[in-house]
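Could you have a look at this structure, given as structure tokens, before my questions?
Derivation of every value follows stated rules applied to the coordinates shown; laboratory data play no part. Values in this document were obtained by computation on a predicted structure and should not be read as measured data. Positions of Cβ are backbone-derived with ideal geometry, glycine not excepted, and every protein chain shown enters the neighbour counts.
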Amino acid sequence: MDLIANVQTRLDALAAQSLIRQRRTADTPCAPRQTVDGRPMLAFCSNDYLGLAAHPQVVAALREGAELYGAGSGASHLVSGHSRAHALLEERLAEMEAPHLADAKALYFCTGYMANLATLTALGLDADAMIFSEALNHASLIDGARLARAGVTVYPHGDVQALEAQLIASPASTKIVVTDSVFSMDGDLAPLPALLAVCERHGAWLVVDDAHGFGVLGQHGRGALEHFKLRSPHLVYVGTLGKAAGVGGAFVAAHQAVIELLIQRARPYIYTTAAPPALAHALLASLDIIAGDEGRERRAHLSSLIAQLDRELQLVRWQRPPSHTAIQPLIIGANDEALHVASRLHEQGLWVPAIRPPTVAPGTARLRVTLSAAHTREDVAQLAAALNKLELERTPA
């Protein structure tokens, strides 16, 4: 019982700081209009940026994939779990990113977290390597850097000059710069063109985690590399397939030698059962939508909703960092106030999560509003009106 008491003490400490997280149970498919814990809600919290998670074509492809390949893969990719669906998906993903990478190949992973762990631990196998990590990187990149044999140094958010000084000062034989493309809690973009130029000058890899850019950024939805019109053999690209693509998993695209290294040495790839082939089959349908006319229309509609929210929010006290992406943070500050505002929104049938430390820095608790191409202009207007009214109520006279 002393062990249980110790755990409870730790939980009580979290509660005292307003840091307890709460799960809600969705009873219906991922969409703006959902039934959650038995209640109808208008959700602004998923990463389903193009509204493909419940798209009829994607759902039909998932059903067809299960009929073709069964429910599970049965083993890891290197034993017997690598299906034709996986192979076709990897070929398609390599084709999508080929304009930006030399001799591109792609490798599919069960999750984005695994893809980032695999990439950094495989590239950072050499004890003489050094990883240069962006200060606001996602937890999966931070953990991947910790698990690698390489040394790790952190450069300030978006500070290319500081990074270059670190690269110049480092005697490491292998240098790996790693950054998110779209930062998940702020919605801003990394200065990828400048980062790539620095990496090319100093012979470093640039690993880009495009979790929140793939499918959304770029004329054809290929992501941040297309958005910035980048091409280089120094690039290692990680794209997530459970956000804008609407299904699940992730991929790494890079020079074929890098992909072969991951196959041979990346433990998160080697020692896990392959994702169900039906998911890969469904993703092929999702990629067709992303690359086609419907994908362009959905990206255009999403851009119009982002601009609408920018016009209609009239905030005085809460901070709204500039973001031209689907991630729209509203920084409130104190944990308890962020929770209170999220609770008031929930009472009105609006589902917007309160994000608190350690996900964000202390004193920067926020609402993380995410927009989707499946939202309507009326949905966004309803949210903006509710937020304007709540901030006014919470602002001292």
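Averaging the inverse of every distinct alpha carbon separation and then flipping it gives the Kirkwood radius. What is it for the stretch 73-118, in angstrom units?
It works out to 11.7 Å.
Also: From zero up to wherever the largest Cα-Cα distance of the chain sits, split into 10 Å bins and tell me the percent of pairs in each.
Per 10 Å bin, starting at 0, the Cα pair percentages come out as 5, 22, 30, 27, 15, 2, 0.
For ASP2 and ARG33 in the same chain, what is the full-extension length gain: residue separation times 0.36 nm, less their Cα-Cα distance, in nm?
Full extension of this stretch gives 6.7 nm more.
Separation between the VAL160 and LEU68 pseudo-spin-labels, each 7 Å from Cα along Cα→Cβ, expressed in nm?
Here the answer is 4.3 nm between the modelled labels.
OK, next. With springs connecting C-alpha atoms under 10 Å apart, model the chain as a Gaussian network and identify which of LEU11, LEU147, LEU315 has the largest mean-square fluctuation.
Checking each option, the largest mean-square fluctuation is seen for LEU11.
If you take the beta carbon distance between ALA127 and ARG201 as r and set R0 to 25 Å, what does 1/(1 + (r/R0)^6) give as a FRET efficiency, to the nearest 0.05?
E between ALA127 and ARG201, to the nearest 0.05, is 0.55.
Could you work out which residue, out of VAL316, VAL178, VAL154, moves most in a Gaussian network model of the chain, that is, has the largest mean-square fluctuation with Cα springs under 10 Å?
VAL316
For a quick check, take a GNM of the chain with Cα springs below 10 Å and name the residue from ASP143, ASP27, ASP12 with the largest mean-square fluctuation.
Fluctuation is largest for ASP12.
Further, regarding this structure: Distance between Cα centroids, the stretch 16-32 to the stretch 287-329: provide it in whole Å.
Using only Cα atoms to place each centre, the spacing works out to 23 Å.
Are there trypsin sites (Lys or Arg not before Pro) in the stretch 99-154 that DSSP puts in a loop and that have at most 15 other Cβ atoms within 10 Å, and which ones?
Those that pass, being in a loop and sparsely packed, are ARG149.
Calculate, for GLN264 and GLU297, the FRET efficiency according to 1/(1 + (r/R0)^6) with r their C-beta to C-beta distance and R0 35 Å; round to the nearest 0.05.
Rounded to the nearest 0.05, the efficiency is 0.25.
In deg cm²/dmol and to the nearest 500, what is the mean residue ellipticity at 222 nm of the chain if only DSSP H runs of at least 4 residues count, each as -39500 (n - 2.57), divided by the residue total? Let's see the in-between values first.
Details: 14 runs with 169 residues, N = 397.
Roughly -13000 deg cm²/dmol at 222 nm, from the helical runs in the chain.
Along each of the three principal axes of the Cα atoms of the stretch 56-291, give the extent in whole Å, ordering the values from largest to smallest.
Extents along the principal axes, in whole Å: 56, 37, 31.
Kirkwood hydrodynamic radius of the stretch 347-397 from all distinct Cα pairs, in Å?
About 12.8 Å for the stretch 347-397.
For the stretch 142-170 and the stretch 60-134, what is the centre-to-centre distance using only Cα atoms, to the nearest Å?
25 Å
Quickly work out the SER80-to-ARG146 label distance, labels modelled 7 Å from Cα along the C-beta direction, and quote it in nm with one decimal.
3.7 nm
Further question on the same structure: Which of the peptides 240-246, 2-8, 203-209 is most tightly packed, and how do the rest follow, judged by the mean count of other Cβ atoms within 10 Å per residue?
On the way: 240-246: 27.1, 2-8: 8.7, 203-209: 24.1.
Order by mean packing, descending: 240-246, 203-209, 2-8.
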